[in-house]
Amino acid sequence: MTKNMTQGNPAKLILLFTIPLLLGNFFQQLYNIADTFIVGRTIGVNALAAVGCTGSLMFFIIGFANGFTAGLSIITAQRFGAGDEQGVKYSYAAAILLSIAVTIILTIISVVMARPILEIMRTPPEIIEDAHRYIIVIFGGVGAALFFNLYSNIIRALGDSRTPLLFLVVVCIINIILDFILILLFSLGVAGAAWATITAQAVSALLCFLYIKKKLPILELNRHDWQVSKVILWEHIRVALPMGFQASIIAIGAIVVQFTLNNLGAVSVAAYTAAQKIDMVAVLPMMSFGITMATYVAQNYGAKDIQRISLGVRQCCIMSVTFSIIIGIVNFLAGHVLITLFVGADQPEVVEQAQIYLTINGLLYFVLALLFIYRYTLQGLGQSFVPTIAGIMELFMRTFAAIILSQNLGFRGACLANPLAWIGACLPLGIAYFITMKRLTRSVPMITVQPCMIQHK
C-alpha cells in the first residue's frame, strides 16, 4: 500500500509514518539485543565483550550498506512524489543493479580484512577468537542485510512504513528462536548468534521481495525497465555513495573509541557494550523521526512544495525533541536496572560504568534529535556534501574524546565521544538546512501542487 505524503496534515502524516517505523526499528534492534542478552547470560562476560567489540567494525561495513540503500530509495521517493511512474521503475531497477555490485565488493573486502582489523584494534587476546568467529559470519551474510534494507527502504519511499514492521515482527521471533537453538542446543557459541542474525535478515529480505512483487504493481519491472541509462545510474550513485560513506566515516570514529575501550580492559568493553544496546533502543524515536523526514521531504521535493517541507520539519522537531527529553530521564532513572538484564546483578563494576554511559548520553539526546532531522532532511533534498562534512566532524570529535579525553578521564572520557560527535555534526547540518530552505524559498516563492499521476491505494 503506497501513501502520498504531499497532501494532508504534515504532523499527522509524520507521526503516523514514524510509529510503524519506530516499532520496526525496535524489532530490528532486538536482533542484536537478543544476541547480547543470550550470549551475556549463557556464555559469559568475555563472550559478551567479544560480540560487543565487533560492533564498530560491523557498523563500518553494514552501516555503509544501510546508508547506500537509503540513498538509492531517496531518488525513488522523489520520483514517486513527482508522479513519475516510469521514473519509479527505472529507480527501482537501478537500485537493484547497484546493490548487487556493492554486495559483491563489500563481502569480499570485509571477509578478507576482518581478522587484520581486529588485530589492529588491539582486541584483547581473551576475546579475539570469539570476536572473529562472530564477525566473519556477519560479513559473509552482508548481502542479506543489504537487500533487506534496500527492499524496506523502497517500500517506505512509496509511503508505506507498516509493511516492513509486520515482516520484522515475524523475523525477530525467528531470530530469537534460532539464538536459543544454535547457542544452547547446538553449542555454536557466538557464531550461533551471528548465524541466527543473518538467517533472520535473509528471511526478511525474501518477505519484502515477495510483497513488492505481489502487492506493488508500480514496481513490476519488464525488460525495458532494466535498460537503465548511465545518467540514471549516476543520479543514484551521486546520492547513495556519500550516504554510505557518511555511515562508514562515523563508524571509523566508533572504531577509534573501541580501540580505546580495548586498552581499558574487558570490563569496560562489556559495560560499553551493554549500555550501548540500551542506548540503541533509546535513540530509536529520534532516529525514526529522522528517517521519516527523508521520505516526507523527498516526496514533497519531487512535488516542489518547499513551504510544506519547512512546516513538516518544524513540527517534527517539536515532537522528536520532546521524546528525547523523556527518554533521557528514563535512562537516568532506570538505566542500572536495564543493564542488569544483560550482565546480571553479580557484575557491579560493569553496571556502574554502563550507568555512566547512559547518563552522559541521555543528557544530550535533544541534540541527536535535531541532528537526525536536519541530516535526513538534507538527504531527502538530494544533498550529500554537508551531511558528509558533518560525518567528518563526528569522526573528529569521537577521535578527540577517545584519544585525548579518555587518557585523562578514563571510561568517562570514552563516554563523551557520542555527545561531542552529535554537537560537532549538528552545527553544520543546522546551518546548511536554514541556508538551503532560504535559497529554495526564494527560487520557488509560490507552489501549486499538481495532481499526482500515480494512483495511490
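The values are calculated or read from the model by the stated rules, or taken from the named source; none is laboratory data. All of these numbers come straight from a predicted model, not from anything done at the bench. Virtual Cβ from ideal backbone geometry, glycine too; neighbours counted across all protein chains shown. The area values use the complete protein model at the heavy-atom level, side chains included, leaving out ligands, DNA and RNA. Shrake-Rupley method; radii C 1.70, N 1.55, O 1.52, S 1.80 Å.
Among the listed residues 123, 42, which satisfies the condition of being open to solvent by less than 50 Å² (accessible area, probe 1.4 Å) and β-branched (Val, Ile, Thr)?
Values: 42 fails: open to solvent by less than 50 Å² (accessible area, probe 1.4 Å).
Step by step, each of 123, 42 is checked, and only 123 is open to solvent by less than 50 Å² (accessible area, probe 1.4 Å) and β-branched (Val, Ile, Thr).
So, in segment 400-427, how many residues would count as being more than 17 Å from residue 367 (Cα to Cα), touching a residue at least 40 places away in the same chain (Cβ under 8 Å) and surrounded by fewer than 19 Cβ atoms within 10 Å (Cβ to Cβ)?
Looking only at that region, the number is 3.
Of these, 270, 274, 298, 294, which one is in a helix (DSSP H, G or I) and in contact with a Leu (Cβ under 6 Å, 6 or more places away or on another chain)? Give the derivation first.
Values: 274 fails: in contact with a Leu (Cβ under 6 Å, 6 or more places away or on another chain); 298 fails: in contact with a Leu (Cβ under 6 Å, 6 or more places away or on another chain); 294 fails: in contact with a Leu (Cβ under 6 Å, 6 or more places away or on another chain).
Among 270, 274, 298, 294, only 270 is in a helix (DSSP H, G or I) and in contact with a Leu (Cβ under 6 Å, 6 or more places away or on another chain).
Consider residue 134 against the criteria (1) surrounded by fewer than 24 Cβ atoms within 10 Å (Cβ to Cβ); (2) within 25 Å of residue 196 (Cβ to Cβ): it satisfies all of them except one. Which criterion is unmet?
(1)
Would a scan of segment 313-331 turn up a residue that is touching a Phe, Trp or Tyr at 6+ places or on another chain (Cβ under 6 Å) and either over 30 Å from residue 17 (Cα atoms) or among the basic types (Lys, Arg) (or both)?
Checked segment 313-331: no residue is touching a Phe, Trp or Tyr at 6+ places or on another chain (Cβ under 6 Å) and either over 30 Å from residue 17 (Cα atoms) or among the basic types (Lys, Arg) (or both).
Scan segment 180-215 residue by residue and report those that are touching a residue at least 24 places away in the same chain (Cβ under 8 Å) and outside any helix (DSSP H, G or I). Before you say what the answer is, go through the steps one by one.
Of segment 180-215, the ones touching a residue at least 24 places away in the same chain (Cβ under 8 Å) are 180, 183-184, 189-191, 193-205, 207-209, 211-212, 215.
189 - this is the single residue of segment 180-215 that is touching a residue at least 24 places away in the same chain (Cβ under 8 Å) and outside any helix (DSSP H, G or I).
If you go through segment 150-202 one residue at a time, how many are over 28 Å from residue 288 (Cβ atoms) and β-branched (Val, Ile, Thr)?
Total meeting the criteria: 3.
For residues that are open to solvent by 90 Å² or more (accessible area, probe 1.4 Å) and either under 23 Å from residue 164 (Cβ atoms) or in a loop (DSSP other than H, G, I, E, B) (or both), tally how many sit in segment 216-228.
Looking only at that region, the number is 2.
Output yes when any residue across segment 309-325 is open to solvent by 10 Å² or more (accessible area, probe 1.4 Å), over 19 Å from residue 432 (Cα atoms) and touching a Lys or Arg at 6+ places or on another chain (Cβ under 8 Å), and no when none is. Reasoning before the result, please.
Restricting attention to segment 309-325, the residues satisfying the condition of being open to solvent by 10 Å² or more (accessible area, probe 1.4 Å) are 310-311, 314-315, 317-319, 321-323, 325.
Those left that are additionally over 19 Å from residue 432 (Cα atoms): 318-319, 321-323, 325.
Imposing the further condition that a residue be touching a Lys or Arg at 6+ places or on another chain (Cβ under 8 Å) reduces the set to none.
Within segment 309-325, none of the residues are open to solvent by 10 Å² or more (accessible area, probe 1.4 Å), over 19 Å from residue 432 (Cα atoms) and touching a Lys or Arg at 6+ places or on another chain (Cβ under 8 Å).
Confirm whether residue 294 is of a type in the set (A, V, I, L, M, F, W, C), touching a residue at least 60 places away in the same chain (Cβ under 8 Å), closer than 30 Å to residue 50 by Cβ and out of contact with any strand residue (DSSP E or B) (no Cβ under 7 Å at 6 or more places or on another chain). Before the answer, list the steps.
Details: of a type in the set (A, V, I, L, M, F, W, C): yes; touching a residue at least 60 places away in the same chain (Cβ under 8 Å): yes; closer than 30 Å to residue 50 by Cβ: no; out of contact with any strand residue (DSSP E or B) (no Cβ under 7 Å at 6 or more places or on another chain): yes.
Considered against the rule, which asks whether it is of a type in the set (A, V, I, L, M, F, W, C), touching a residue at least 60 places away in the same chain (Cβ under 8 Å), closer than 30 Å to residue 50 by Cβ and out of contact with any strand residue (DSSP E or B) (no Cβ under 7 Å at 6 or more places or on another chain), residue 294 comes out as no.
If I filter segment 376-395 for residues that are open to solvent by less than 60 Å² (accessible area, probe 1.4 Å), among the aromatic types (Phe, Trp, Tyr) and farther than 30 Å from residue 39 by Cβ, do I get at least one hit? Before you say what the answer is, go through the steps one by one.
Going residue by residue through segment 376-395, those that are open to solvent by less than 60 Å² (accessible area, probe 1.4 Å) are 376-384, 386-388, 390-391, 394-395.
Still in the running and among the aromatic types (Phe, Trp, Tyr): 376.
This time we only want the ones that are farther than 30 Å from residue 39 by Cβ, so: 376.
Yes, the conditions are met somewhere in segment 376-395.
Could you say which residue among 72, 48 is open to solvent by less than 10 Å² (accessible area, probe 1.4 Å), in a helix (DSSP H, G or I) and modelled with pLDDT of 85 or more? Give the steps one after another, and end with the answer.
Working: 48 fails: modelled with pLDDT of 85 or more.
From the options 72, 48, the qualifying one is 72.
Just the residues that are under 12 Å from residue 287 (Cα atoms) and buried (at least 20 other Cβ atoms within 10 Å of the Cβ), please, taken from segment 15-29.
The initial filter retains those residues of segment 15-29 that are under 12 Å from residue 287 (Cα atoms), namely 18-19, 21-26.
The answer is 18, 21, 22, 24, 25.
Is it fair to say residue 251 is at pLDDT below 90, of a type in the set (A, V, I, L, M, F, W, C) and open to solvent by less than 10 Å² (accessible area, probe 1.4 Å)? Break it down into steps so the answer makes sense when it comes.
Values: at pLDDT below 90: yes; of a type in the set (A, V, I, L, M, F, W, C): yes; open to solvent by less than 10 Å² (accessible area, probe 1.4 Å): yes.
Yes: the conditions hold for residue 251.
Which of the residues spanning segment 328-352 are open to solvent by less than 30 Å² (accessible area, probe 1.4 Å), part of a helix (DSSP H, G or I) and either of a type in the set (A, V, I, L, M, F, W, C) or at pLDDT below 85 (or both)?
Narrowing segment 328-352 to residues open to solvent by less than 30 Å² (accessible area, probe 1.4 Å): 328, 331, 335, 339, 342-344, 350-351.
With the extra rule that they be part of a helix (DSSP H, G or I), the set shrinks to 328, 331, 335, 339, 342-343, 350-351.
The answer is 335, 339, 342, 343, 350, 351.
Got a number for residues in segment 278-308 being open to solvent by 30 Å² or more (accessible area, probe 1.4 Å) and under 19 Å from the mean Cα position of the chain (by Cα)?
4
Quick check on segment 229-239. Is at least one of its residues modelled with pLDDT of 85 or more and open to solvent by less than 20 Å² (accessible area, probe 1.4 Å)?
The first filter runs over segment 229-239 and keeps only residues modelled with pLDDT of 85 or more, leaving 229-239.
Checking the rest, the ones that are also open to solvent by less than 20 Å² (accessible area, probe 1.4 Å) come to 236, 239.
Yes: one or more hits.
Any residue in segment 19-32 that is touching a helix residue (DSSP H, G or I) at 6+ places or on another chain (Cβ under 9 Å), hydrophobic (A, V, I, L, M, F, W, C) and modelled with pLDDT of 90 or more? Let's see the steps before the verdict.
Applying the first criterion (touching a helix residue (DSSP H, G or I) at 6+ places or on another chain (Cβ under 9 Å)) to segment 19-32 yields 19-32.
From the residues that got through so far, the ones that are hydrophobic (A, V, I, L, M, F, W, C) too are 19, 21-23, 26-27, 30.
Filter once more, keeping what is modelled with pLDDT of 90 or more: 19.
The answer is yes, given that some residue of segment 19-32 is touching a helix residue (DSSP H, G or I) at 6+ places or on another chain (Cβ under 9 Å), hydrophobic (A, V, I, L, M, F, W, C) and modelled with pLDDT of 90 or more.
What's the number of the only condition in (1) within 30 Å of residue 265 (Cβ to Cβ); (2) surrounded by fewer than 20 Cβ atoms within 10 Å (Cβ to Cβ) that residue 103 fails to meet?
(1)
Looking at segment 384-401, is at least one residue under 17 Å from residue 241 (Cβ atoms), assigned to a helix (DSSP H, G or I) and in contact with a Phe, Trp or Tyr (Cβ under 7 Å, 6 or more places away or on another chain)?
yes
Taking the criterion of being β-branched (Val, Ile, Thr) and at pLDDT below 90, would at least one residue in segment 410-432 satisfy it? So that I can check it myself, show each step before the final result.
From segment 410-432, those β-branched (Val, Ile, Thr) are 423, 431; that's our starting set.
Among the residues that remain, those that are also at pLDDT below 90 are: none.
Taking every residue of segment 410-432 in turn, none turns out to be β-branched (Val, Ile, Thr) and at pLDDT below 90.
Filter segment 360-373 down to the residues that are touching a Cys at 6+ places or on another chain (Cβ under 7 Å) and open to solvent by 10 Å² or more (accessible area, probe 1.4 Å), then identify the one that is nearest to residue 297 (Cα to Cα).
Step by step, filter segment 360-373, then rank; the result is 370.
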